[in-house]
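Notes follow once the structure below has been shown.
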Amino acid sequence: MSDNKGREALIHSLAQSMGMGDAQKKSATGKYNSETGTIMSNGRVISNATVVQAKNYFTAQYNKLAEMDDEGAKQMATLYEVAMEAIGIMIDGGKSNSE
């Protein structure tokens, strides 16, 4: 069950960085290490496997919601899209998809 706690912590961190929840209480900003694929956030290291798992999670959630004919689902899909794209940009180091 520790994977769920890690996932919840990452989701919470991403939500905060997107301005949701208690994001106004900004603490240390995260740093991505492109050599190891890890994130240093709030004094702890988030593994590359967890980063990839988070991107996959947000992608799956986006795919579930994007095609629904419901405005609330479409709004949530957009939030998931932002998260998955942000992780992708971080991992790719800002490279565009066309490269």
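The values are calculated or read from the model by the stated rules, or taken from the named source; none is laboratory data. Since the model is a prediction, treat every value here as computed from it, not as a measurement. So basically every Cβ, Gly included, is an ideal-geometry build from the backbone, and we count neighbours across all protein chains shown.
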Inset, instruction - Among what's in the stretch 50-76 and is over 13 Å from the mean Cα position of the chain (by Cα) and among the small types (Gly, Ala, Ser), pick the residue that is farthest from Ala15 (Cα to Cα). - result: Ala66
Inset, instruction - Starting from the stretch 66-84, keep only residues that are touching a residue at least 24 places away in the same chain (Cβ under 8 Å), then list their pairs with residues that are of a type in the set (A, V, I, L, M) and part of a helix (DSSP H, G or I) whose Cβ atoms are within a distance under 6 Å, requiring at least 6 positions of separation or different chains. - result: Ala83/Leu14
Legend entry - the stretch 1-37: number of residues that are at pLDDT 70 or above, more than 13 Å from the chain's Cα centre (by Cα) and among the β-branched types (Val, Ile, Thr): 1
Inset, instruction - Might you let me know whether the stretch 72-83 holds any residue that is assigned to a helix (DSSP H, G or I) and in contact with a strand residue (DSSP E or B) (Cβ under 9 Å, 6 or more places away or on another chain)? - result: no
